[in-house]
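Structure record follows, encoded as C-alpha cells.
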C-alpha cells in the first residue's frame with residue numbers, strides 16, 4: 001500500500017499531471033466566467049422588455065410611471081454590469097464579457113437619452129455629461145474587446161498551422177471526423193461572421209451617438225457618423241441601406257428605426273449581437 005501511494009504521488013506530481021491540472025483550472029475558470037456572463041445577459045434581456053405606459057393617463061400619472069419605468073430598467077442594466085464585471089474579474093481575457101459590458105454602457109446611454117426626450121426637457125439646459133461619457137465608455141470597451149478577439153483569432157490560426165504537441169492529437173481527431181479542409185473553412189467563416197457582427201454593433205453605436213450629438217448641436221457628430229458608415233460597409237451593408245439611414249439622420253425616431261431596420265437586414269447569419277456566447281465561442 002505504501003509503495004502504491006508513493007507511486008501515485010510521483011504520478012500526480014509529474015509534469016504531465018501538472019499540465020492536466022492547469023488545463024482543468026482553465027476550464028473551470030471559463031465555466032465560472034460564462035456563468036456570470038449569462039447571468040448578466042438575463043438582466044439585459046429583462047431590461048429590454050418595455051414596461052407599458054398608458055398614454056391616456058394624466059400628466060402627473062404619466063410622469064410617475066415614466067420615472068418608475070426608467071428606474072426599473074436602469075436597475076436591470078446596473079445588475080447586468082455587475083455580472084459582466086464579475087466575469088471579467090475571473091477571466092480577464094474573456095472578450096465576450098468585455099463586448100457585453102460595452103453593450104451595457106451603450107444601452108444605458110440610450111436609456112438616458114430616451115428618458116430626457118420622453119420628459120420633453122429643454123435640451124439646452126440638460127446635463128449631457130453622463131450620457132456622452134457612457135457612449136465613450138462603450139466605444140472604449142468595444143475597441144479593447146475587438147483587439148482581444150483578434151489576438152485570440154491569430155493564436156487559433158497559428159495553432160491550426162503549427163499545433164503544439166499537447167494539441168496535436170485533438171486536432172488530428174477533428175480532422176479525421178470532418179476533414180482538414182471543411183474544418184478550416186468553417187473556422188474562417190465563423191470568424192468572418194463574428195467580425196461582421198462586431199463592425200455592425202460598433203457602427204450602430206457610433207451612429208446613435210452621432211444622432212444625439214447632432215440633436216444637441218455638438219460639432220463631433222459628423223466624425224462619428226462618417227466612422228459609423230465605414231463600419232456598416234465593413235459589416236456588409238449595401239449602399240441603399242446606408243443611404244436610407246442617412247436620409248433620416250437627426251430625425252430621432254425615423255433615424256433610429258432606419259438604423260434598426262438596417263441592423264436587422266444584416267443579421268442573416270450569427271446571433272443578434274456580438275456578445276452572444278453561442279456565436280462568439282464558435283468564432
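The values are calculated or read from the model by the stated rules, or taken from the named source; none is laboratory data. Since the model is a prediction, treat every value here as computed from it, not as a measurement. Because the Cβ atoms are built from the backbone with ideal geometry, glycine has one as well, and the counts that use them run over all protein chains shown.
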(message) For region 45-62, check the following and say yes or no: at least one residue is under 26 Å from residue 203 (Cβ atoms), in a helix (DSSP H, G or I) and modelled with pLDDT of 95 or more.
(response) no
(request) Run down 140, 121, 107 and say which single residue is within 15 Å of the chain's Cα centre (by Cα) and within 24 Å of residue 64 (Cβ to Cβ). (result) 107
(request) Give the residues of region 102-125 that are touching a residue at least 60 places away in the same chain (Cβ under 8 Å) and not in a helix (DSSP H, G or I), sorted by residue number. (result) 123
